[in-house]
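Take a look at the structure below.
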Amino acid sequence: MSAITNTKDILERVSDAFYSLNNELKFEYTNNVTEKLLHIKRENVIGQYIYDVLPHRDLHKFVSRYKKALSEQVPADKGIY
């Protein structure tokens, strides 16, 4: 089993929602908990901009914190979305 497959298996088993975005703020991965929580299907969101998938009035706060974490290579604040 490859490391990537093993990591995806682990992420599918956790009870927390998890998703990853690339540098352009496009979805790269969502686990099954994220799908249920946000009422989305991963096949519809992978490669899509977060703005298009999650049109939420507080999304700009998340994006600001995410970009800071990305540029400084530090963990983002908990509960940012």
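The values are calculated or read from the model by the stated rules, or taken from the named source; none is laboratory data. Quantities reported herein were computed from a predicted structural model and do not represent experimental measurements. For neighbour counting, all protein chains shown are included, and Cβ atoms are generated from backbone atoms with ideal geometry for every residue, glycine included. Surface areas here come from the heavy atoms of the whole protein model, side chains and all, with no ligands, DNA or RNA. Shrake-Rupley method; radii C 1.70, N 1.55, O 1.52, S 1.80 Å.
Where does helix 59-72 land angle-wise versus the long Cα axis of the chain, in degrees 0 to 90, nearest 10? Roughly 80 degrees between the two axes. Based on protein heavy atoms only, the chain ends up with 74 Å² per residue of surface accessible to a 1.4 Å probe.
Cα-based radius of gyration for the range 1-72, normalised by 2.2 N^0.38 Å, reads 1.15. Entry note, the chain: the mean residue ellipticity at 222 nm calculated from DSSP H runs of n ≥ 4, each adding -39500 (n - 2.57), is -13000 deg cm²/dmol after division by the residues and rounding to the nearest 500. Using Cβ point charges alone (K and R +1, D and E -1), the dipole size of the chain about the Cα centre works out to roughly 180 debye. Give me the angle, in degrees from 0 to 90, between the Cα long axis of helix 3-13 and the longest principal axis of the Cα atoms of the chain, rounded to the nearest 10. Around 80 degrees separate the two axes. Pairs of Lys residues in the chain, spaced 8 or more positions apart or belonging to different chains, with C-alpha separations under 23 angstrom: 15 in total. Across the accessible surface of the chain, with the other protein chains kept in place and a 1.4 Å probe, carbon and sulfur atoms take up 52 percent.
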